[in-house]
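K.L.:
The structure's right below; bear with me while I get my questions together.
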Amino acid sequence: MANAKNLGIWMDHANAHLMEFTTDPIETKTIASKFTHEAKETTLSKSERLMHNKEQHEQSEYYKVLGNAIRNYDEVVLFGPTEAKVELYNVLKADHRFAKTKIEVIPTDKMSENQQHAFVREHFSKPHFQTIK
């Protein structure tokens, strides 16, 4: 597949760093979840049930925004230290618009921006990209 559009996303529940695999330098675009620690504390002081509902709504919106950003890519690698990448993968897998998008999920530790760029560069430079089904 010549000129495949490839995207790497390092993410946790608070932020996603989107890095399109192109010629150097790779640029990072950050998308932040609206459900911050401060919002959690404020909501939790009112009601635990309210806090969980707000968190679920905000996470759903976060994944929706990421899905919109991913839509125009052929291959995507989701990586990072939390389960957020798996949660996003499950949301995308359930959406027919991503049926032709190759998505791989790889657990990693926290990384600096340079480490994230190196990871994306190395991942998409491999001769074989494997899809998780």
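K.L.:
With every protein chain left in place, what is the accessible area of S112 in Å² (1.4 Å probe, nearest 10)?
P.N.:
50
K.L.:
Ignoring ligands and nucleic acids, what accessible area does E58 show with a 1.4 Å probe (Å², nearest 10)?
P.N.:
For E58, the solvent-accessible surface is approximately 30 Å².
K.L.:
Separation between the D95 and I31 pseudo-spin-labels, each 7 Å from Cα along Cα→Cβ, expressed in nm?
P.N.:
0.7
K.L.:
Would you please name the chymotrypsin sites (Phe, Trp or Tyr not before Pro) within segment 91-124 that are DSSP coil residues with at most 13 other C-beta atoms within 10 Å of their C-beta?
P.N.:
Listed in order of number, the matching sites amount to none.
K.L.:
If H13, H123 are ordered by their accessible area, calculated over protein heavy atoms with a 1.4 Å probe, which sequence runs from highest to lowest?
P.N.:
Result, largest first: H13, H123.
The values are calculated or read from the model by the stated rules, or taken from the named source; none is laboratory data. These figures come from a predicted structure and were not determined experimentally. Counting neighbours? That spans all protein chains shown, and the Cβs are built from the backbone with ideal geometry, glycine included. We work out accessible area using only protein heavy atoms, side chains counted, and drop any ligands, DNA or RNA first. Shrake-Rupley method; radii C 1.70, N 1.55, O 1.52, S 1.80 Å.
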